[in-house]
Amino acid sequence: MAAPARKPMIAGNWKMHHNHFEAIQLVQKLGYRLERDDYDRADVVVCPPFTDLRSVQTVIESDRMHIQLGAQNCYWEAQGAFTGEVSAVMLAKLNVRYVIVGHSERREVFGETDDMVAKKVRAVLGQGMTPILCVGETLEEHEAGGTDAKVSGQLRAACAGLKSDDVAACVVAYEPIWAIGTGRNATPADADATIGVIRSTVREIAGDVADGLRILYGGSVKPGNIAELMAMPQIDGALVGGASLEADDFARIVQFGH
Ligand code: PGA
């Protein structure tokens with residue numbers, strides 16, 4: 001039986017950039033820049049900071065744009081005495097559809113553990129949203145040949161105890177830490193090979209849903225390298241940081257190969 005087709009996804013991770021005025025402008029520019037065909041070819045997602053979500057939601061909905069809304073993080077409890085945190089329940093109320101979980105900056109700068117990442121994945125799924133689960137190795141791990149073990153381990157920890165249907169409802173992003181914001185990216189062949197390893201691990205965890213699961217590459221994706229990444233059989237899309245902050249660059253990435 002043929003493997004199910006996987007619709008490409010291009011997701012912009014704005015990180016801690018753009019206040020809500022700038023966010024509105026960027027989404028409006030993107031809306032002008034992208035055509036109906038672009039959304040048919042790829043799911044287009046923007047993940048602004050929390051303070052922008054409501055404004056961006058309003059622009060998307062009032063202009064009936066096909067851009068989808070994502071968040072960059074969440075907390076796993078629904079509510080309570082957790083000063084400074086934002087719950088998955090609150091995000092779902094804003095029609096957020098995707099939540100980035102376990103980004104390497106969360107893990108490295110804010111000490112998120114595999115256990116915390118697993119709780120967040122469950123909280124996001126519990127609200128009917130899609131986690132964009134990030135995995136990736138450090139430069140030291142990469143140079144020591146530890147990439148496959150690292151990404152498989154992170155994936156197993158995040159998915160421990162999940163049913164196959166839950167795993168099927170996730171998106172995974174392979175983001176080698178040494179390639180994020182450095183201008184240095186994994187070669188398409190290396191990224192493809194590691195994503196192949198991730199897909200095999202998903203198959204061990206959840207069986208055939210691995211064939212339909214979207215696995216993105218992230219790390220210095222630009223208009224100039226997206227086409228060769230997307231040409232690889234295992235790479236289903238991109239999680240884009242720096243190049244998602246400008247409408248023109250992001251639109252050119254969405255329109256890869258055109
Ligand atoms: P970058 O970031 O595209 O700026 O390397 C990617 C990410 O961290 O998601």
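The values are calculated or read from the model by the stated rules, or taken from the named source; none is laboratory data. These numbers were taken from a predicted model, which means no experiment stands behind them. Note that we place each Cβ from the backbone using ideal geometry, even for glycine, and neighbour counts take in every protein chain shown.
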- Message: What's the number of the only condition in (1) within 16 Å of the ligand (Cβ to nearest atom); (2) on the phi < 0 side of the Ramachandran plot; (3) within 16 Å of the chain's Cα centre (by Cα); (4) not hydrophobic (A, V, I, L, M, F, W, C) that Thr138 fails to meet?
- Response: (3)
- Working only within region 143-163, note down all residues that are modelled with pLDDT of 95 or more and not hydrophobic (A, V, I, L, M, F, W, C). Gly145, Gly146, Thr147, Asp148, Lys150, Ser152, Gly153, Gln154, Arg156, Lys163
- Task: Just name the residue that is farthest from Cys170 (Cα to Cα) out of those in region 8-42 that are touching a strand residue (DSSP E or B) at 6+ places or on another chain (Cβ under 6 Å) and more than 16 Å from the ligand (Cβ to nearest atom).
- Result: Ala42
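For (1) within 17 Å of Gly237 (Cα to Cα); (2) in a loop (DSSP other than H, G, I, E, B); (3) without any contact (Cβ under 8 Å) to a residue 24 or more places away in the chain; (4) not hydroxyl-bearing (Ser, Thr, Tyr), each residue gets a yes or a no:
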position	(1), (2), (3), (4)
Leu26	no, no, no, yes
Gly31	no, no, no, yes
Asn73	no, yes, no, yes
Met90	no, no, yes, yes
Ile100	yes, no, no, yes
Arg106	no, no, no, yes
- Query: In the set Val202, Val254, Val221, which member is in contact with a Lys or Arg (Cβ under 9 Å, 6 or more places away or on another chain) and either closer than 16 Å to Ser164 by Cβ or within 16 Å of the ligand (Cβ to nearest atom) (or both)?
  - Reply: Val254
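Conditions tested, residue by residue: (1) over 18 Å from the mean Cα position of the chain (by Cα); (2) among the acidic types (Asp, Glu).
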site	(1), (2)
Ile10	no, no
Ile24	yes, no
Arg36	yes, no
Asp40	yes, yes
Asp43	no, yes
Pro48	no, no
Ala88	no, no
